[in-house]
Amino acid sequence: MAETRTRNRPRTEAELVAAARALVEVQTYESIRVRDIADRVGCNHGLITQYFGTKRGLFTRVARELVAEISTTIAAGGSSPPKLDQPTTATFWRLTAALLDAGMDPSEIMVESISAVDAVAKRAGDLSGSSFNQARAVAGFVVLMSGGYHVFGDLVAATIAPSGDPAEAQANFERTVFALIRGLTTP
């Protein structure tokens with residue numbers, strides 16, 4: 001009889017999330033198979049369904065972890081805001097676009113208990129008179145609109161950089177986004 005291995009669910013979940021993130025950093029969401037992720041971890045691909053429900057569920061968790069990482073970077077501050085084209089942020093926006101296309105609700109990536117997310121959701125709730133969950137959805141749409149620059153930046157570059165210089169357009173956009181974030185998160 002084959003020997004069965006005892007799984008440590010939290011460890012296996014973390015390994016699956018790490019494997020999914022490593023793959024989505026170099027491949028498109030659509031090209032990644034559940035079996036590819038499971039093979040990297042050395043487990044049965046059925047565990048992804050058991051632990052996350054679907055491939056989308058697993059990658060939504062990856063997106064939430066990317067949000068947490070980006071929020072920590074923003075909260076750390078410094079003399080200048082983090083660049084929007086850094087690998088973590090670029091991976092987040094690519095993945096988010098694919099998840100939205102797969103039917104994800106934007107509020108699914110607005111991670112509670114991250115100070116920036118909670119502050120944005122609270123401010124959205126105060127402004128709209130909504131519950132926290134409704135405000136979280138509103139905040140999710142606002143954040144995703146900001147990320148649209150990664151998809152539509154070339155179309156709006158002339159508007160935000162009259163000179164037509166892409167570097168100027170990105171710098172102007174980054175200043176605007178971070179001013180918006182600070183305005184939403186500062187009481």
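The values are calculated or read from the model by the stated rules, or taken from the named source; none is laboratory data. Since we're looking at a predicted model, the values are computed, not measured. Glycine gets a Cβ as well: all are built from the backbone with ideal geometry, and neighbour counts include every protein chain shown.
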Next item on the list: Being under 27 Å from GLN86 (Cα atoms) and among the acidic types (Asp, Glu) is the filter; apply it to the stretch 17-60 and report the residue that is modelled with the highest pLDDT.
Entry: ASP36
Note to self: Out of the residues in the stretch 85-141 meeting the condition of being of a type in the set (Phe, Trp, Tyr) and buried (at least 18 other Cβ atoms within 10 Å of the Cβ), tell me which one is modelled with the lowest pLDDT.
What the structure shows: TRP93
Margin query: Suppose we keep only residues that are among the charged types (D, E, K, R) and in a loop (DSSP other than H, G, I, E, B) within the stretch 7-60. Which one would you say is surrounded by the fewest Cβ atoms within 10 Å (Cβ to Cβ)?
Written below: ARG33
